[in-house]
1. Whole-Hz ³J(HN,Hα) for each residue in segment 22-32, computed from phi via Karplus 6.51 cos²θ - 1.76 cosθ + 1.60 with θ = phi - 60°, x for glycine and proline: what do you get?
2. For Thr5 and Asp37 in the same chain, what is the full-extension length gain: residue separation times 0.36 nm, less their Cα-Cα distance, in nm?
Amino acid sequence: MSTLTVTGRGQVTFRKDVLQHLGIQPGEKIELDLLPDGRAELKAAQPKGSFHELRGMLKGRTNGACLSIEEISQAIAEAGAATGDT
C-alpha cells in the first residue's frame, strides 16, 4: 500500500511506481470514482479518439493503393477494437 501526503493546497503527488502500475504516462489523465464509506477508485482514463487522431491513420499502410469504402470501414473498425471502443 502506498501512502500519499496531502499538501496545504489539497494536492497529492503519485509516486512513479503507482503511475507505472496504472499505466499512466506524463500528460495523461486519471479517473477518480467516489464510492460509499469514504472510499475512492482510481484508474487510468481511457482516451477518447478525435477526428484529428483519425485523420491520417491509414497513411503509410496502403502502399499508395486506393481503398474502397468497405476497406476503410474495416480499418476503422479494427482501430476501434484495438482501443476497446465498440
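Every read-out reported here was derived from the displayed coordinates using simple, explicitly stated rules and does not represent laboratory data. Note that the coordinates shown come from a computational prediction; the quantities given were computed from them, not determined experimentally.
1. Going residue by residue, I get 7, x, 9, 9, x, x, 7, 10, 10, 9, 10 Hz, with x marking Gly and Pro.
2. Values: separation 32, 0.36 × 32 = 11.52 nm, distance 2.05 nm.
Taking 0.36 nm per residue and subtracting the Cα distance, the gain is 9.5 nm.
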